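Before any comments, here is the structure.
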Amino acid sequence: MNRSQQPLNYRVRLLFEYEQRAPDDVSGPCFCSLEAAELHANSVSQGNHHSVIIEKLAPGGCWLQLLSMS
């Protein structure tokens, strides 16, 4: 499987203040690897002073939170 065909299993999105669960309409850039997602999240959180969450796509189709950065 070449890089363009790899599944995009990791998502980086902004953390909403006081959120109990992710809104249904949330979106964010997706990545093939956790390392790429962490690099992007680190850049966003440090450069823009935003809190972000890295999520992984579960087999059932829902996004599971892996870690957050502020």
Using only the alpha-carbon atoms, how far is helix 34-48 inclined from the longest principal axis of the chain? Give it as 0 to 90 degrees, nearest 10. 30 degrees
Got the relative contact order for the chain handy, in percent, Cα pairs under 8 Å and 6 or more residues apart? 33 percent
What residue among E38, E17, E55 shows peak mean-square fluctuation when the chain is described by a Gaussian network model with Cα springs under 10 Å? E17
With Cβ to Cβ distances under 10 Å as the rule, what net charge do the other residues near V12 carry (K, R +1; D, E -1)? 0
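Taking segment 3-70, which chymotrypsin sites (Phe, Trp or Tyr not before Pro) meet the DSSP loop condition and have no more than 13 other C-beta atoms within 10 Å? Don't skip to the answer; put the middle values down first.
Details: sites: Y10, F16, Y18, F31, W63; in loops: F16, Y18.
Qualifying residues, ordered by number: F16, Y18.
If you scale each eigenvalue of the Cα gyration tensor by 5 and take the root, what three semi-axes come out for the chain, rounded to whole angstrom and sorted largest first?
On the way: eigenvalues 83, 51, 14 Å².
Value: 20, 16, 8 Å, ordered largest first.
FYI, it's all coordinate maths here, none of it is from the lab. Keep in mind the model is a prediction, meaning the values are calculated, not measured. Virtual Cβ from ideal backbone geometry, glycine too; neighbours counted across all protein chains shown.
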